[in-house]
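Here it is, the structure in full.
Nothing in this text is a laboratory measurement; each read-out follows from the coordinates by a stated rule. Bear in mind that the values here come from a model prediction, so they are computed numbers and not experimental data. Glycine also receives a Cβ, built like all others from the backbone with ideal geometry; neighbour counts cover every protein chain displayed.
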Amino acid sequence: MSAIGLERERSNYIVHPQKFALWLFILTVIMIFGGLTSAYIVQRGFVDTGQQIIFDLPGILWMNLVVIVFSSVPMQYSVWAAKNQDTRKAMLALGMTFVLGVIFLIGQVDAWGAMVESGLPLVDPTRKDNSVSFFYIFTGLHGLHILAALIAVLIAFVRTGLKDFRPGRRALTYELTAIFWHFLGLLWVYLFIFLEFTQN
């Protein structure tokens, strides 16, 4: 099949196969975190009120909330720039998104440090309530997904600089990266609200 024929065949898709695969992956992540938050609620139900651990979330998490929400702005701008063939603006926006993502991860590590310093490590055999351990699991697992998204952002940035995209592929790559990034931002908003609500 010729390249033109292949492009015509691809244009007949209702949803691009790569977008469909990404949405399936996102659905899987939603199910994982949905299961974890449900397990958190269930385990709290088996712990006597007097043995439940109520802790203040590290203050750095408020800043991280702002950072991850704001990072969606340059990410989306990069998609617009890519579609309009403005390479310089696309790379600038991607670079800003990457920096904000790194700041977010640093903030999460600082939050872990604050938890440890306050006497709440990941594992403590004397605890009856596993709320603290779930906090580390939530933030750690989300952080791993942010790291994966940062790698995707970096790859898109480098490939744009090297002009290593076939016609039409750059806009799709940016769009897929943005969808995943926005999802992780919304996921963090959910986790933050969930943790804040369950600790008050």
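I'd like the distance separating the alpha-carbon centroids of the range 20-67 and the range 144-193, in whole Å.
If you average the Cα positions of each part, the centres end up 23 Å apart.
Return P(r) of the chain (all Cα-Cα pairs; 5 Å bins starting at 0; whole %; ordered from short to long distances).
Percent of Cα pairs in each bin: 1, 7, 14, 16, 16, 13, 10, 8, 6, 4, 3, 2, 1, 0, 0.
Using a Förster radius of 35 Å, what is the FRET efficiency between Ile41 and Ile151 based on their Cβ-Cβ separation? Nearest 0.05, please.
The computed FRET efficiency comes out at 0.60.
For the chain, what number of Lys pairs, 8 or more residues apart or on separate chains, have alpha-carbon atoms under 23 Å from each other?
4
What residues of the range 59-82 lie in the reach of a label at Leu122, counting those whose backbone N is under 20 Å from a point 7 Å from the Cα along Cα→Cβ?
Residues 61 fall inside that zone.
What are the ³J(HN,Hα) couplings of the range 150-164, residue after residue, when phi is run through the Karplus curve with 6.51, -1.76, 1.60 and θ = phi - 60°? Round to Hz, x for glycine and proline.
Here the 3J(HN,Hα) series is 5, 5, 5, 5, 5, 4, 4, 5, 5, 5, 5, x, 8, 6, 9 Hz.
For helix 17-45, report the angle its Cα long axis makes with the longest principal axis of the Cα atoms of the chain; keep it between 0 and 90° and round to the nearest 10°.
0 degrees
Would you mind ranking Val153, Val47 by Cβ crowding within 10 Å, fewest neighbours first?
Going from sparsest to densest Cβ surroundings: Val47, Val153.
Right, here's the next one. List, in order, the whole-Hz ³J(HN,Hα) value for each residue of the range 182-199 obtained from phi through the Karplus relation with A = 6.51, B = -1.76, C = 1.60 and θ = phi - 60°; use x for Gly and Pro.
Rounded to whole hertz, the list is 4, 4, 5, x, 5, 4, 5, 4, 4, 5, 5, 4, 4, 5, 5, 5, 6, 9.
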